[in-house]
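Beneath this line is the structure, given in structure tokens, with notes to follow.
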Amino acid sequence: LAQLPVVLSAQSIAAHSAAAALAALQDVQRIEQRILDDEGRRISSGDVGPLEAYSFVHQSVGLLFDTALSAIRNAVAAQPQKDLMVEAASLERQLRELLIAHFKEPLFFWHGPKWLIKSKLLRLLGSGPWHEKLKELSMAPVVPTDLLGDKAAVKEAARPLLQDSKVPAIGLAVDDSFCSPGGSCNLVEELTALSQLGKESGKASKVHLLILPCPEDTLKKIRDGLVAAKALPKLFVSVSLPGELLEAAGPSPEAMKPEKIGKLMEEYILDIQKAVGLTVGLVWMPYAAFKKQFWPGTQKMLAKTRSWDYGIHAEVSIPAVAKKLLDRSPKPTAWLTTDDFLRPANEEAVAATLEAGIACVSLPRKEAVAANLSALYFSEEAWPLPWAWHRGLAASVPLGATASLKAPQMELLKAVAFAASHLDLPAKQTGFPLQAALYDARSTLKAAEVSIGVLPPSAPETKLAFSPGVSTKTLTGLEEKAKIFKANDHIIYAEDFFDVPTFQAIKEETQRLWRSTDIEANCNLDGKNRLGGYIMDLITQNSSLYRLIYGNDPFRQWVSAVNAEGPMWPSDFPIELREYGMDSKGMGCHPDLQMYKVPRKDLEFAFTVDNDSRCNVTFWDAAGKLHTVQTKPNSLMMVGVNAATHCVSPTEGGSRSILKFIYVGDYRKSNEFWHYTSNECDDANPNRQMLDDRRAQRLREVRSAEL
């Protein structure tokens with residue numbers, strides 16, 4: 001009987017963790033679809049190009065990764081599956097590496113990493129014994145006091161809001177989804193409802209209208225909606241500048257002069273004020289404005305007489321960065337940061353900011369507010385404003401969300417953040433029973449990491465459903481292949497690479513792509529010597545090359561084993577489909593350029609789909625010996641950056657089609673990465689013209705075959 005409370009407590013923790021894992025799994029699938037819809041809407045409207053949506057989906061992609069991390073850790077906390085721990089640890093490691101990079105800058109093309117995460121997460125938790133066990137555990141009753149233990153009766157002291165702050169304690173965040181298809185248009189109604197909550201709570205006499213980066217048309221819609229209102233609550237208006245405004249200024253010395261940068265921001269702010277037609281009390285400066293190359297221009301602009309205060313819109317994970325960012329002259333009025341259950345603002349950074357007399361403003365991510373996972377910790381279908389106030393932050397909610405004055409269990413919410421944290425595991429276990437269970441889960445995954453990339457990959461299981469894989473031949477002699485790769489100055493060629501079903505699916509998909517509009521022309525190609533472009537992935541489909549290559553875990557394991565520098569993952573650079581046509585002169589001799597921060601964890605691949613030409617690839621190994629290879633269909637060449645010099649000879653009458661892509665072991669970018677992301681050209685570009693001609697030709701061939 002003495003052991004009964006401990007057993008019941010463990011049952012509650014297992015039940016809660018299982019429910020959290022399943023809720024997070026549902027959220028991952030929902031968030032993915034939301035991002036795809038948002039990305040597709042922006043691209044189809046012409047607001048951004050196919051490769052320019054990354055900054056707009058940045059926060060949602062981060063939430064996707066946070067939620068996936070929470071799913072896998074909660075599943076282990078509920079009941080670890082011994083035979084799946086290495087694969088689970090590999091997924092957790094990839095997610096942590098992605099989030100480390102994500103905090104610094106956006107992922108350029110999220111589809112590649114997404115496919116591996118999605119395929120692994122669904123394989124681990126979406127079906128099978130672990131999924132069934134989680135469903136069984138989640139049916140048991142949960143006693144909240146069992147989750148908190150002694151902490152259940154403890155009420156943590158609140159941190160007071162900044163006194164006499166110009167920024168109201170309650171706000172509404174509006175972005176460019178306002179009045180778009182599927183977006184809310186109820187601006188005035190929601191401002192009025194928040195004003196009432198401000199009065200009831202005694203926290204605010206005004207409502208903070210926080211306008212996030214929006215195009216001019218959306219700003220005018222906001223203005224028109226407010227002008228048409230019969231009555232409005234008292235408003236404090238702030239606007240946020242987009243980070244890409246400065247990043248797009250250009251690398252030329254003339255464009256980077258402080259007076260040019262300052263003028264660029266001044267004009268942009270004036271345009272916003274004119275479009276929105278409201279008195280702006282505060283302008284949020286993006287993180288980019290405080291980088292060393294832009295700060296002189298930012299400071300020059302802020303030193304001038306102005307009618308508005310300025311704040312900093314940036315996310316930081318450690319107090320030292322917050323101090324460095326906020327310790328500026330002139331002094332900022334406020335700090336705006338991402339702040340929701342999965343990624344709360346750093347407590348020490350908030351405390352230091354308030355101590356410096358700078359207000360902190362909470363900005364929850366839109367999809368986090370409506371998450372199934374959040375609902376486990378807060379019973380009402382509304383966002384709890386007291387959660388922000390309790391920690392010293394002014395609260396805000398996204399347009400379309402409902403707010404509440406009911407306070408959640410503050411201590412319990414720390415477990416949500418702990419399950420999604422990308423930071424290193426603390427040396428000591430602390431906290432209440434649920435957090436202790438999550439600590440043990442993270443420790444279990446960390447212990448399993450020692451086997452990632454060390455154990456040779458096993459052949460994929462035989463299943464009724466198709467799962468991408470590699471050939472049995474590919475998976476043999478991995479240690480010897482690793483030696484060859486190194487002796488060749490980090491280049492290796494392998495034939496009969498993918499298994500038959502996977503290669504057949506790749507061939508069929510590349511044939512479909514040539515007929516489709518899913519290829520974005522590479523403006524750097526001339527259409528004659530090299531034809532092709534970047535493969536888009538805007539519609540979820542099992543035939544996607546991102547599923548077949550980036551969602552192919554046996555392939556990932558082969559890359560990791562042969563490179564022998566730790567686990568490798570799909571990069572955030574798009575796959576490219578290229579053809580060396582009948583008149584191609586090939587490609588000159590070159591080593592591959594470094595795109596990511598760690599050279600030995602930055603690998604480029606050329607996979608030959610078909611080749612009826614006399615085109616050869618030549619390279620020099622580490623000893624200076626010249627090798628010549630005529631690449632066959634279903635062959636792969638893996639090349640390290642800054643390594644083996646290689647060349648492509650003329651085709652001499654035939655043609656050769658390849659897929660070009662990158663795998664990485666560290667998602668942090670090199671300084672040169674963003675130079676390769678610009679892809680702007682009009683219809684006069686020869687490669688774009690040739691690609692259109694190729695599409696028309698292939699469609700004619702299909703129609704002719706149907707007659």
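The values are calculated or read from the model by the stated rules, or taken from the named source; none is laboratory data. Just so you know, these numbers come straight off a predicted model, no measurement behind them. Reconstructed Cβ throughout: ideal geometry from the backbone, glycine too, with neighbour counts over all protein chains shown. Surface areas here come from the heavy atoms of the whole protein model, side chains and all, with no ligands, DNA or RNA. Shrake-Rupley method; radii C 1.70, N 1.55, O 1.52, S 1.80 Å.
Computed quantities for the displayed model
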{"quantity": "Within segment 166-183, considering residues that are in contact with a His (Cβ under 8 Å, 6 or more places away or on another chain) and part of a strand (DSSP E or B), the one surrounded by the fewest Cβ atoms within 10 Å (Cβ to Cβ)", "calculated": "L172"}
{"quantity": "Criterion (touching a residue at least 12 places away in the same chain (Cβ under 8 Å), open to solvent by less than 40 Å² (accessible area, probe 1.4 Å) and touching a Ser or Thr at 6+ places or on another chain (Cβ under 9 Å)) met by exactly one of I222, I211", "calculated": "I211"}
{"quantity": "Checking F503 against (1) open to solvent by 10 Å² or more (accessible area, probe 1.4 Å); (2) among the hydrophobic types (A, V, I, L, M, F, W, C); (3) not in a helix (DSSP H, G or I), the condition it does not meet", "calculated": "(3)"}
{"quantity": "Filtered residues of segment 560-592 (kept if in contact with a helix residue (DSSP H, G or I) (Cβ under 8 Å, 6 or more places away or on another chain) and in a loop (DSSP other than H, G, I, E, B))", "calculated": "A564, E565, G566, P567, M568, S571, D572, F573, P574, I575"}
{"quantity": "Only listed residue being of a type in the set (A, V, I, L, M) and more than 23 Å from E247 (Cβ to Cβ), chosen from L69, L98, L51, L63", "calculated": "L69"}
{"quantity": "Matching entry among K199, K155, K230, K151 (being modelled with pLDDT of 90 or more and either charged (D, E, K, R) or surrounded by 15 or more Cβ atoms within 10 Å (Cβ to Cβ) (or both))", "calculated": "K199"}
{"quantity": "Residue check for Q163: polar (S, T, N, Q), at pLDDT below 95 and open to solvent by 30 Å² or more (accessible area, probe 1.4 Å)", "calculated": "yes"}
{"quantity": "Residue within segment 298-310 that is under 32 Å from the mean Cα position of the chain (by Cα), over 25 Å from Y54 (Cα atoms) and among the aromatic types (F, W, Y) present", "calculated": "yes"}
{"quantity": "Filter result for P398 (touching a residue at least 40 places away in the same chain (Cβ under 8 Å), over 21 Å from A71 (Cα atoms) and surrounded by 16 or more Cβ atoms within 10 Å (Cβ to Cβ))", "calculated": "yes"}
{"quantity": "Filtered residues of segment 411-430 (kept if more than 26 Å from the chain's Cα centre (by Cα), surrounded by fewer than 17 Cβ atoms within 10 Å (Cβ to Cβ) and not polar (S, T, N, Q))", "calculated": "A427, K428"}
{"quantity": "Whichever residue in segment 606-638 is part of a loop (DSSP other than H, G, I, E, B) and acidic (D, E) and, among such residues, is most open to solvent (accessible area, probe 1.4 Å)", "calculated": "D612"}
{"quantity": "Contacts under 8 angstrom Cβ, first residue in segment 76-97 being free of Cβ contacts under 8 Å to residues at least 40 places away in the same chain, partner outside any helix (DSSP H, G or I), 6 or more apart", "calculated": "none"}
{"quantity": "Count of segment 64-102 residues which are within 11 Å of A24 (Cβ to Cβ) and not charged (D, E, K, R)", "calculated": "9"}
{"quantity": "Qualifying residues in segment 571-619 (those that are touching a Cys at 6+ places or on another chain (Cβ under 8 Å) and of a type in the set (A, V, I, L, M)) - the one modelled with the lowest pLDDT", "calculated": "M587"}
{"quantity": "Where D496 falls short, out of the listed (1) of a type in the set (D, E); (2) closer than 30 Å to G40 by Cα; (3) more than 26 Å from the chain's Cα centre (by Cα); (4) assigned to a loop (DSSP other than H, G, I, E, B)", "calculated": "(2)"}
{"quantity": "Matching residues in segment 593-605 - criterion: being under 20 Å from the mean Cα position of the chain (by Cα) and in a strand (DSSP E or B)", "calculated": "Y596, D602"}
{"quantity": "Residues (of a type in the set (K, R) and within 15 Å of A88 (Cβ to Cβ)) located in segment 98-124", "calculated": "K118, K120, R123"}
{"quantity": "First in segment 102-117 and in contact (Cβ under 8 Å) with a residue 40 or more places away in the chain, second anywhere and of a type in the set (K, R) and not in a helix (DSSP H, G or I), Cβ under 8 Å, 6 or more apart", "calculated": "K104/R668; E105/K669"}
{"quantity": "Yes/no for T462 being at pLDDT below 90 and out of contact with any Phe, Trp or Tyr (no Cβ under 8 Å at 6 or more places or on another chain)", "calculated": "yes"}
{"quantity": "Residue that is polar (S, T, N, Q) and either touching a Lys or Arg at 6+ places or on another chain (Cβ under 6 Å) or surrounded by fewer than 18 Cβ atoms within 10 Å (Cβ to Cβ) (or both), where the choices are S45, S70", "calculated": "S45"}
{"quantity": "Candidates P408, P384, P364 - the one that is in contact with a Pro (Cβ under 8 Å, 6 or more places away or on another chain) and modelled with pLDDT of 95 or more", "calculated": "P364"}
{"quantity": "Residues located in segment 655-707, provided they are assigned to a strand (DSSP E or B) and either exposed (fewer than 12 other Cβ atoms within 10 Å of the Cβ) or not polar (S, T, N, Q) (or both)", "calculated": "R656, I658, L659, K660, F661, I662, Y663, V664, K669"}
{"quantity": "Those residues of segment 514-559 which are open to solvent by less than 30 Å² (accessible area, probe 1.4 Å), in a loop (DSSP other than H, G, I, E, B) and among the acidic types (D, E), in sequence order", "calculated": "D537"}
{"quantity": "Yes/no for G581 being of a type in the set (G, A, S) and surrounded by 16 or more Cβ atoms within 10 Å (Cβ to Cβ)", "calculated": "yes"}
{"quantity": "Residue list for segment 353-381, restricted to those being in a helix (DSSP H, G or I) and either closer than 14 Å to A322 by Cβ or of a type outside the set (S, T, N, Q) (or both)", "calculated": "T353, L354, E355, K366, E367, A368, V369, L373, A375"}
{"quantity": "D176 over 30 Å from E411 (Cα atoms) and in contact with a Pro (Cβ under 8 Å, 6 or more places away or on another chain)", "calculated": "yes"}
{"quantity": "Residue count for segment 48-67, restricted to those that are crowded, with 19+ Cβ neighbours inside 10 Å and assigned to a helix (DSSP H, G or I)", "calculated": "9"}
{"quantity": "Any hit, segment 354-368, residues being open to solvent by 20 Å² or more (accessible area, probe 1.4 Å), farther than 23 Å from L209 by Cα and out of contact with any Phe, Trp or Tyr (no Cβ under 7 Å at 6 or more places or on another chain)", "calculated": "yes"}
